[in-house]
Structure formats: structure tokens, C-alpha cells
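Here the structure comes first, spelled out in C-alpha cells, and everything after it is commentary.
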Amino acid sequence: MPVLPKIIEGKFIADTIKDEIAVEVRKIIASGKRPPHLVAVLVGMDPASESYVSGKEKACKQVGFISSVYRYPEGISQEKLLEVVNFLNNDEEVDGFIVQLPLPEGLREDVIIESIDYRKDVDGFHPANAGRMMKNLPCFLPATPMGILTLLERSNIDTEGKNCVVLGRSNIVGTPVSILMGRKAKPGNSTVTLCHSKTKNITEICSRADILIAAIGQPHFVKADMVKEGAVVIDVGIHRIPDNTSPKGYKIIGDVAFDEVMKKCSFISPVPGGVGLLTIVSLLQNTLKAYRKEIYP
Ligand SMILES: NC(=O)c1ccc[n+]([C@@H]2O[C@H](COP(=O)([O-])OP(=O)(O)OC[C@H]3O[C@@H](n4cnc5c(N)ncnc54)[C@H](OP(=O)(O)O)[C@@H]3O)[C@@H](O)[C@H]2O)c1
């Protein structure tokens, strides 16, 4: 019997969660309190970062959060940026903030991230949050891995005892999602293999996966011959490629060759309309938790 693929409804899931958050925000405002406030610090003019930050602003507006963007030119000094972080750490009207990565050359991302108050680190990149995630303690989870878990959970995909293969070991996606999928938790409890550029026999490893998470940064890297019949495929990649048929002159594709892979799998997340939408939603969820001091009372 051929498997009928089910496209994971990223937009529906994201909209549902945003509606849930909006209800909470209306209750907060009705009780006479100020709404949650999320700040993004944006250095330079990277188009992908600009687009992510504008998506974040739009989402904040949709749910009723206050949203601010602090913009700085590429030449900002490390000291000045640390001052900005320190100011936001101490601003009681700010519940959570992110410093949009990547930072321009010359700025030390690790130093900047470690200077963020971990209680306002809604991106979940501070070592305190990363360490707590490792230990399965309450923490801010990094937005994209958290979004992947949400997609799996809200699509009722069972992860327990499954073989999960993660392609890519970046600090923001591959490594944390591999930890989360292997944790004693739900979603989680998978047996995880983490692949990277030095992995041998990657096609063979992928073709054994019940759940395949592609965060490799290579357009259409995952082909049908790498996917097991009936597997769940989560595509994290985002690539803008020229397309004369589109009014914008480009289209967005992922790390997975969607058309051929979808014929083999049980579930697949589309690009666009999948993980990317949930990344922003995770940031909203973390900001609401920061506002309520749910994780760090
Ligand atoms: N949807 C979202 O919200 C979202 C969020 C973040 C990122 N993204 C997208 O996700 C993709 C991955 O981004 P990232 O920042 O996580 O990754 P990244 O920093 O670009 O790292 C890529 C990872 O893939 C591995 N890799 C690259 N080429 C490979 C190959 N041919 N064979 C095996 N492994 C290979 C690298 O191995 P080494 O470690 O050995 O170099 C590295 O671990 C990008 O397309 C990015 O735009 C999407």
C-alpha cells in the first residue's frame, strides 16, 4: 500500500498558538497590566535578519505584545553593544530580548550572548539556558528546535522509541534539537543520530530514520533515496533561489527535495509554511513565560 503523505500544517499550528497567546494577552490587559514586551537588537543590514525581525514585529502585533527593534550600524563597537545589552537587562519594561545573529565580523557573539540576563534570554542561547536544557530543567528553549517539537506534538507524531536522524550540528538548530529529541520527555525519547560534514554513509544513515530533521543549509540535499518509506521529515532549511516565474524574482526552498520526498513519507513539513513560522511563535511563547516569570520566578 503506498503511503499517503500528510503535509504538516505549519501555518494552522502557528495561527492556533498565536490565537491562544492573544487570548492570554487580552486577559492581562483587562486586568490593568501592561502587555509583554519583546525587543530585538539588530546590527547591520543582513536581509535574512531584517526579514526575520520584521516577521517577529508582525507576530507581536498580532498577539498584542509590545515590540521594539533597536537598530545599530554594522560598525558598532563591542563595548557599545554590551552597553545596549546591559541597558535591556535592567529595563523593567522589557521582558525578553534577542540579539539577532549572525553579528557582523569583529563582534564576539559568544561574549554578547553571555552578557544577556539568562532570565530575559528568550532565544535560549545563553549557556545557562543551554545547560539547563541538557539537564532537562525548566529553561528557555532555543526557538527553532522548540518550534520543531511543537510541530511534532501538535501533529500528534509519536517520537518515543523512534530512530531520529538530525542533519547538521549548529548551535542554534542541529545540536539542540538532537538533545531535545533524545531527552526523557514528550516529545523526545528517540534514539538520535547527529550527522555533519564528516559523517560517512549519510544516505544509508538517513534511510534508516523514522524521523529525519534536515538542518544542513544545503538546498534540496535530502532526496527520495535517503528517506525510508513512511518516515516523518522535518525541513528546517531556508534558501532564497532565483525564480523568473515569481513576481518577487525568487522563491524559498528548503533542505529537502519536497516533491520527490513527499511521495515516500508519512508526514513532511513544507518550506515555506513549516518550521520558520513556528520559530517566531516559540519566541512569543518564551516571551510570555518571561513576562510571567514562569521559568525563573
Ligand atoms: N526555519 C528556521 O526558522 C531556521 C532557523 C535557523 C536556520 N534555518 C536554516 O536552516 C539551515 C541550517 O542552518 P544552521 O544555522 O542550523 O546550520 P549551519 O550553521 O549552516 O550548519 C550546517 C550544518 O550542516 C553540516 N553540513 C553542511 N553541509 C553538509 C554536507 N554536505 N554533509 C553533511 N553535513 C553538512 C555542517 O557540518 P559541520 O558542522 O561539520 O560544518 C553543519 O553542522 C539553513 O538553511 C538556515 O537558513 C532555518
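Of all residue pairs spaced 6 or more apart or on separate chains, those with beta-carbon atoms under 6 Å, a first member in the range 158-177 that is of a type in the set (Ser, Thr, Tyr) and a second member that is part of a loop (DSSP other than H, G, I, E, B) and away from the ligand (no atom under 16 Å from the Cβ) are Thr159/Pro187; Thr159/Ser190.
The residue that is surrounded by the most Cβ atoms within 10 Å (Cβ to Cβ), among those in the range 13-23 that are in contact with a Lys or Arg (Cβ under 9 Å, 6 or more places away or on another chain) and over 18 Å from Val233 (Cα atoms), is Ile17.
Which of the following residues is near the ligand (Cβ under 10 Å from one of its atoms) and within 22 Å of Ala231 (Cβ to Cβ): Ile179, Ile202? Sole residue among the options that is near the ligand (Cβ under 10 Å from one of its atoms) and within 22 Å of Ala231 (Cβ to Cβ): Ile202. When Leu152 is tested against the conditions (1) farther than 25 Å from Ala214 by Cβ; (2) surrounded by 21 or more Cβ atoms within 10 Å (Cβ to Cβ), the lone failure is (1). Of the strands (runs of 3 or more DSSP E) contained entirely in the range 146-226, those carrying at least 3 residues that are closer than 20 Å to Val271 by Cα fall at 163-167, 211-214. Return yes when Glu153 is of a type in the set (D, E, K, R), away from the ligand (no atom under 16 Å from the Cβ), in contact with a Pro (Cβ under 8 Å, 6 or more places away or on another chain) and over 13 Å from Val275 (Cβ atoms) and no when it is not. Criteria met by Glu153. Those helices (runs of 4 or more DSSP H) of the range 10-111 in which at least 3 residues are at pLDDT below 95 and on the phi < 0 side of the Ramachandran plot, considering only elements entirely within it, cover 47-63. If you check Ser170, Ser190, Ser266 for being closer than 28 Å to Leu141 by Cα, within 16 Å of the ligand (Cβ to nearest atom), of a type in the set (S, T, N, Q) and out of contact with any His (no Cβ under 6 Å at 6 or more places or on another chain), only one passes: Ser170. When residues in the range 246-297 are screened for being in contact with a helix residue (DSSP H, G or I) (Cβ under 9 Å, 6 or more places away or on another chain), in contact (Cβ under 8 Å) with a residue 40 or more places away in the chain and either of a type in the set (Ser, Thr, Tyr) or assigned to a helix (DSSP H, G or I) (or both), 18 of them pass. So which residues in the range 79-122 are of a type in the set (Lys, Arg) and touching a helix residue (DSSP H, G or I) at 6+ places or on another chain (Cβ under 8 Å), if there are any at all? Passing the criteria: Arg108, Arg119, Lys120. Assess whether Ala231 counts as being away from the ligand (no atom under 16 Å from the Cβ) and within 11 Å of Lys162 (Cβ to Cβ). Judged against the criteria, Ala231 is a match.
The values are calculated or read from the model by the stated rules, or taken from the named source; none is laboratory data. Since the structure is predicted, the reported quantities are computational estimates derived from the model, not experimental observations. No Cβ is skipped: glycine too gets one built from the backbone with ideal geometry, and neighbour counts run over all protein chains shown.
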